[in-house]
Amino acid sequence: AMFADRTAPGADVQSLWRSARSARCEAQACQTKEILTSEAASQSHTAQDAAVQTEQSKDAVQDFQQEVQVDNTGLLSFLQRVEDTVIKELNKNWRSHAFDGFEVNWKDQDETVLCLHTLSYPEAQDQNLQVTSVSWNVTGSVIACSYGRLDDGNWSTEKSYICTWNLDRRGLNPQHPDLVVDVPSSVMCLAFHPSQPSLIAGGLFSGELVVWDTSRTEDPVIWRTGMTDDTHTDPVYQVNWLPDTKHRKHSRLLSVGTDGKILVWREERDGRLALAEGFAMVAQQIPRSTRLKKMAWGEAAVGVTSLSFSHFDPTVFVVGVEGGYSLRCSSAAQTLALRQGGSVALRAPAELAFSPHAGPVYSVSCSPFHRQSCFLLPPSPRNLFLSCGTDGQVHLHSMLQTQPLFALQLSKKYLFCVRWSPVRPLVFAAASGEGVHLFDLARSMQKPTVSLRQSMSDCPVYCLEFNTKHTRLLAAGDAAGTVKVWQLSSDFTEQGPKEMNHLEQLASEIMD
């Protein structure tokens, strides 16, 4: 038969479980098996771009290319129709002053004022010396300070120092200056050269002027006035570098002192500073109506404490005097001062006396701003200056009238220094017996926008300077012998549209 019952023999398959477990070194005592790992160069043999969620078909690409075909004839016709209108609008925008003074800022806005560095020289602090002046060099990376005394002390014989720090240097040590220069007399003021970063001039309590080259560590003194009949007989409270009109590669040095002299010095080959020209502030040349306080009339000297040149007329400058007045002066004045002495005839530069402070004027600062217009109406920003003094007030003046545009009671203590911002027409800073005050006229004309505590003890701040290269930096020196470098917020460094017009309007409203 084709189909019949059949019983097949059983299949014998040998177990591999025990041998496999033995090969993997498995132990029966373990609760879990050992985790197996393997290495693979890639999970697949083909690579695929996963930047899109779906694949684009070839038909879709062809449809897209057909959709974006340009009608060149229609485009040309459109451009020809709008050409005159577009050119007209472009010319209108080109002539517009709507964005004068506005700068695009790609950086994040910063609303805080931070202290970046606290610099000091312990040896000077051990002698209770004070920071009398600060100055930035032309690169904006080096800060210098002078040590001396502005209060009681044996100023004439007390040793002092000049210290510099390079803030860009790696491993900056705030208590170890890069350079320390020993000076036998108290240094009252400093000024870096406007184009040579290693040259710095200083005025001493003795009346002498010295120029140091900070690149020469062993003997940095390269010029000095010496003690002659031309030298100041009182302390020098300010030095300024001036361009030499006859020698473009050289600069002249201007100094002011409480002996009433404003002297201009030129460099000599033998390392000596020789007197080139000079002025004398005496009561006889000041209008009698000003009635200088506590000062005899006639040839009595009017002590000069500060000076600031106009940024737009090199012959015009403003001085602050101990009698409480600010005076507009001209370097072109030819009238001889009655008080003479020395090798050069001194002239009387005073032209106009402004309404006084209630005490000595310690600082003046001319506005560095002006409008690009030939129809300037007073008071223009180019005619404005600030003054401050021992009465704790800041006066905003126009050079064209005697009365201040406004007087702000900024502090109950002395104001030692005022500086106009180099980048914002409505911002200035003042150093007081309480700290540093930052003022923004766009926000308030009554109180400071920010007041910075220089130290926990509220010691007086004697000097401050904006950094014209790194405009967010402001340096301030105090009576405790420290220099603080503040980083300003963007609010104080970014000029808004029509800000100079705003300053003109504020001044005009006050005058009205």
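Could you figure out which of (1) open to solvent by 10 Å² or more (accessible area, probe 1.4 Å); (2) within 18 Å of the chain's Cα centre (by Cα); (3) closer than 28 Å to P177 by Cβ isn't true of W420?
Result: W420 fails condition (3) only.
State whether one or more residues within region 370-381 are modelled with pLDDT of 90 or more and either open to solvent by 10 Å² or more (accessible area, probe 1.4 Å) or β-branched (V, I, T) (or both). Walk me through how you get there before you give the answer.
Let us first name the residues in region 370-381 that are modelled with pLDDT of 90 or more, namely none.
Looking for residues that are modelled with pLDDT of 90 or more and either open to solvent by 10 Å² or more (accessible area, probe 1.4 Å) or β-branched (V, I, T) (or both), one finds none in region 370-381, hence no.
Taking strands (runs of 3 or more DSSP E) that fall entirely within region 401-512, which contain at least 3 residues that are of a type outside the set (D, E) and in contact with a Gly (Cβ under 8 Å, 6 or more places away or on another chain)?
On the way: elements: 406-409, 415-420, 427-432, 436-440, 450-452, 461-466, 473-478, 482-487.
Because the criterion is at least 3 residues that are of a type outside the set (D, E) and in contact with a Gly (Cβ under 8 Å, 6 or more places away or on another chain), the strands (runs of 3 or more DSSP E) in region 401-512 that meet it are 461-466.
Within region 436-443, does at least one residue satisfy the condition of being of a type in the set (K, R), open to solvent by 30 Å² or more (accessible area, probe 1.4 Å) and modelled with pLDDT of 90 or more?
Kept after step one, since they are of a type in the set (K, R), are these residues of region 436-443: 443.
Subset that is open to solvent by 30 Å² or more (accessible area, probe 1.4 Å): 443.
If we keep only those that are modelled with pLDDT of 90 or more too, we end up with none.
The answer is no; no qualifying residue exists.
Please determine whether any residue of region 497-512 is surrounded by fewer than 20 Cβ atoms within 10 Å (Cβ to Cβ) and closer than 28 Å to F192 by Cβ.
no
List the helices (runs of 4 or more DSSP H) that sit entirely inside region 37-144 and contain at least 3 residues that are farther than 30 Å from F416 by Cβ and at pLDDT below 60.
On the way: elements: 58-67, 72-95, 122-126.
Counting at least 3 such residues, we get 58-67.
Looking at A332 and the list (1) at pLDDT 85 or above; (2) buried (at least 20 other Cβ atoms within 10 Å of the Cβ), which single condition is not satisfied?
Condition (2) is where A332 drops out.
Give me a count of the residues in region 315-328 that are free of Cβ contacts under 8 Å to residues at least 60 places away in the same chain and either open to solvent by less than 10 Å² (accessible area, probe 1.4 Å) or not aromatic (F, W, Y) (or both). Even if it seems obvious, please write down each step before you answer.
Step one: of region 315-328, the residues free of Cβ contacts under 8 Å to residues at least 60 places away in the same chain are 315, 317, 321, 323, 325, 327.
This time we only want the ones that are either open to solvent by less than 10 Å² (accessible area, probe 1.4 Å) or not aromatic (F, W, Y) (or both), so: 315, 317, 321, 323, 327.
Qualifying residue count for the region: 5.
The values are calculated or read from the model by the stated rules, or taken from the named source; none is laboratory data. These numbers were taken from a predicted model, which means no experiment stands behind them. Backbone-built Cβ (ideal geometry, glycine too); neighbour counts: all protein chains shown. Surface areas here come from the heavy atoms of the whole protein model, side chains and all, with no ligands, DNA or RNA. Shrake-Rupley method; radii C 1.70, N 1.55, O 1.52, S 1.80 Å.
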